[in-house]
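The values are calculated or read from the model by the stated rules, or taken from the named source; none is laboratory data. All values derive from a computational prediction rather than experimental measurement. Every residue, glycine among them, receives a Cβ derived from its backbone with ideal geometry; neighbour counts consider all protein chains shown. To get the accessible areas, we keep the full protein, side chains included, count just its heavy atoms, and leave off ligands, DNA and RNA. Shrake-Rupley method; radii C 1.70, N 1.55, O 1.52, S 1.80 Å.
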Amino acid sequence: MFGLDILAPLFAVAGAIGASIPIILHLLNRERARQLIFSTVRFIQMSHQTNVRRHKLKRLLLLLMRILMLALLGFAFARPFFADSFVVTQKTGGKRNTVIILDTSYSMQYEAMFENAKKEAVKILDGLDAADAACLILSSDNARVVAPLGSELSHIRTALNTAETTNDRTDYLDALQSANEILAGIPIGEKQVYLISDMQKRGWDNFIETDKLSADVQIHFVDVHAEKPQNLTITAVSVPPVVLKEQKAARLVARVRNFGVEPVENLPVRLFIDDNVMDTVELDIEPDDLADAVFSVEFQDEATHTGWVEISEDPLLVDNKRYFMLQSLQSIKVHAVRERERSGSRYQSDETFFIKKALASVGNTAIRIDFTETFAVPNVATLARLDVLILADVAELSAAEAERVKNFVANGGGLILTVGDNIDTDTYKRHLGGEDGLMPCDFVQAVGDAFNRDQFRVIATVQYDHPIFTPFKEPNHGDFGKARFYRLFQAVPTKDATVIASYDDGSPALFEKSYGNLGRVLCFTSTIDREWNDLPIRAVYLPFLHESIKYLALKSVDTTPDYRIGDSVELKVFDDEEVSDTLKRPEIAIFDPNNVETRVQPDENAPEGPSQNSIFYADTSVPGIYSAHISGGDTHYFVVNIDTSESDLAARDVEELTSMLKGAADESVEEKPSAELVAQYREDVEKNQNVWAYLMLVVFALAVTEMFLANRV
């Protein structure tokens, strides 16, 4: 039911007054009959009566047309419009402002869920009138307004037709807050939000009590979730980042979760490495439970390997694969830098004498370690092939050498620092120290007498939960307390460093610090040879040195990069010495899992630091294996996986969500629209209808007709 309203009622009154003018003129200009006497008037009277009736009819039509023209002209200037009486209220004004939120997270890829959601969105658009305004927001873990409020409905339909799901997780908070902000700027009209989604539970985790919609915003939920969804997911893959050639193969474990309500039997789980099927394991999994598929992996080469674990297809495909990367090595490569030999017994002049003896003592089941040494820090190319670098009481480091050491550790290398009579602490502090420097400690002073064997300290405290000391936790597995330390450097830990072993007087014996991209530094506050202690002749020396090197070279899986969809990946592409200022910086070609290429170059204007010669790649919207090809360099790989918390398709109750989001209105204040708001609403509706234009066309037609008839009266 529609009602007629006008924007300028005074023009309507003026039109009514104007319509009376022709009547007044007609009455004032009436012709009065004059009496004439004729002898025979019978034929004249008959003809006159016919002409008079015809003349009166024409004059009456002209009068009515003139009245109608003036009335319509005034009515047109009054700008009338039609408003729906069921919708128009004093509070809303009648116009509907509708924000449609369409969930595009990867859970919407389940069967035909997303297509059904788009159909529901089209139904909402079909129910809107020409005077209504609509907006479209695509939402996953963040909101994207693809059609602002007031867009043409045809444009919104086009955006809906081209909308696609993403591989992101669900988070409704950003979308609902964006919708609320959009509607907050609307002064008059009905405010509606339609959320079309599977109402997944995890998407509401970030909401708190205050995250409610405004009181004048209506929330409508369009729930398209599947009844009793059945979904299987690989939630994690535990991979040794480095696989060494040893007697026993390394273990790779894939964890599979059954999010459905039905048990699964004989589920095939396949392992792929370098695009080849390596093994298949079958699992039985109960509803809402998990199981592990265990694979054995071994290699005969030294290379970077990529792979994935996959399960058979189900209605949600994107979470059926999980990707990984690992490195196979035949040995750990260790390089030591030491001072040149001095006079005296061999073990007192050669800081690496006992290191070489310990690393050469390997059995058939131990890890093979390749050891080399020099009197200076190796060049960049040599460092790139190393796993662990040892600075054994090195007196001084040049600025260039220190920079090479920092870059080596920042890129994931391991560093062992040991002290002695040669070391210049000021040099280390200047080149490797600082707030965000490489050093895990600041040296204070050397204490003790290396020649007085009556006074000594012992290691009294170690962190047995640390990977280096875990093998010594059980009794009879080694006693660090038997080693005597006659001289040492007192030191204090720097930022982000920890003390993992201490002497009996509380002085730190071993510091640890993480640096850069997976790099680690160990600093031992005494010598690595017998010059200041007798540790090298104790039984714990060899396993302690081996465990330290393994810890630095074979990093735990918890510290390997675990990139998720949307993460920014930093790739170290070259070092300062590889490219001079006069040369063009290398170009990097990055291929995503769909083999789409992106070419980038490092930012020359980036601030100085380990990331200056890096590139940051953020287009990680597809799960899979990425490769970065550097001009004149090697190929780097990294993997990106989805966030499997999205794989749980359980939904929240719509009534519960309505209660959670609905804002409380202030009933103590009666909201009435101001005259300006009402006028603005009426003007907006009138612009969409343009009734006055049609009225002016009618006036024009009447004017033409009136001129035609007036010339024949």
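Summary table below
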read-out	value
Any pair with Cβ under 7 angstrom, 6 or more apart, that starts in segment 404-429 at a residue that is of a type in the set (Phe, Trp, Tyr) and ends at one that is part of a helix (DSSP H, G or I)	PHE408/LEU383
Residue that is farthest from GLY127 (Cα to Cα), among those in segment 152-199 that are outside any helix (DSSP H, G or I) and among the acidic types (Asp, Glu)	ASP168
Residue count, segment 624-679 (criterion: among the hydroxyl-bearing types (Ser, Thr, Tyr), at pLDDT below 85 and surrounded by 11 or more Cβ atoms within 10 Å (Cβ to Cβ))	2
Scan of segment 90-117 for residues that are at pLDDT below 95 and in a loop (DSSP other than H, G, I, E, B), ordered by number	GLN90, LYS91, THR92, GLY93, GLY94, LYS95, GLU111, ALA112
Criterion (touching an Asp or Glu at 6+ places or on another chain (Cβ under 6 Å) and within 25 Å of ALA133 (Cα to Cα)) met by exactly one of ILE182, ILE196, ILE219	ILE196
Only listed residue being open to solvent by less than 10 Å² (accessible area, probe 1.4 Å) and at pLDDT below 95, chosen from GLY433, GLY413	GLY413
Total residues in segment 500-511, condition surrounded by fewer than 22 Cβ atoms within 10 Å (Cβ to Cβ) and farther than 12 Å from ALA483 by Cβ	5
Any hit, segment 513-524, residues being of a type in the set (Ser, Thr, Tyr), under 30 Å from MET325 (Cβ atoms) and either touching a helix residue (DSSP H, G or I) at 6+ places or on another chain (Cβ under 6 Å) or crowded, with 23+ Cβ neighbours inside 10 Å (or both)	yes
Search result, residues across segment 301-314 that are in contact with a Gly (Cβ under 9 Å, 6 or more places away or on another chain) and assigned to a strand (DSSP E or B)	TRP308
Subset of segment 443-482 (residues that are open to solvent by less than 80 Å² (accessible area, probe 1.4 Å) and closer than 18 Å to ASP393 by Cβ)	PHE443, ALA446, VAL447, GLY448, ASP449, ALA450
Restricting segment 310-322 to residues that are under 24 Å from the mean Cα position of the chain (by Cα) and open to solvent by less than 40 Å² (accessible area, probe 1.4 Å), the residue that is farthest from TYR110 (Cα to Cα)	ARG322
Any hit, segment 243-258, residues being under 21 Å from GLN300 (Cα atoms), of a type in the set (Asp, Glu) and touching a strand residue (DSSP E or B) at 6+ places or on another chain (Cβ under 8 Å)	no
Residue check for GLU531: part of a strand (DSSP E or B), crowded, with 19+ Cβ neighbours inside 10 Å and of a type outside the set (S, T, N, Q)	no
Count of residues meeting criterion [of a type in the set (A, V, I, L, M), modelled with pLDDT of 90 or more and in contact with an Asp or Glu (Cβ under 7 Å, 6 or more places away or on another chain)] in segment 385-410	2
Segment 248-294, residues that are open to solvent by 60 Å² or more (accessible area, probe 1.4 Å), closer than 24 Å to ALA226 by Cβ and not in a strand (DSSP E or B)	VAL261, GLU262, PRO263, GLU286, ASP288
Residues being within 24 Å of GLU115 (Cα to Cα), in contact with a Lys or Arg (Cβ under 9 Å, 6 or more places away or on another chain) and open to solvent by less than 20 Å² (accessible area, probe 1.4 Å) - total across segment 180-201	4
Hits in segment 586-602 (condition: closer than 30 Å to ARG169 by Cβ and modelled with pLDDT under 90)	ILE588, ARG599, VAL600
Enumeration of residues in segment 106-133 that are surrounded by fewer than 17 Cβ atoms within 10 Å (Cβ to Cβ), in contact (Cβ under 8 Å) with a residue 60 or more places away in the chain and small (Gly, Ala, Ser)	ALA130
Qualifying positions in segment 187-207 - closer than 16 Å to ILE100 by Cα and not small (Gly, Ala, Ser)	GLU190, LYS191, GLN192, VAL193, TYR194, LEU195, ILE196, ASP198, MET199
Contacts under 6 angstrom Cβ, first residue in segment 616-628 being in contact (Cβ under 8 Å) with a residue 12 or more places away in the chain, partner open to solvent by less than 20 Å² (accessible area, probe 1.4 Å) and assigned to a loop (DSSP other than H, G, I, E, B), 6 or more apart	PRO623/ILE642
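Results for (1) among the small types (Gly, Ala, Ser); (2) touching a strand residue (DSSP E or B) at 6+ places or on another chain (Cβ under 8 Å); (3) part of a strand (DSSP E or B), shown as yes or no for each residue.
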position	(1), (2), (3)
PHE299	no, yes, no
LEU317	no, no, no
TYR323	no, yes, yes
GLN327	no, yes, yes
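Each row is one residue, and each column tells you yes or no for (1) closer than 29 Å to ASP619 by Cα; (2) at pLDDT below 95.
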position	(1), (2)
THR170	yes, yes
GLY185	no, yes
GLY189	no, yes
SER197	yes, no
GLN200	yes, yes
PHE207	yes, yes
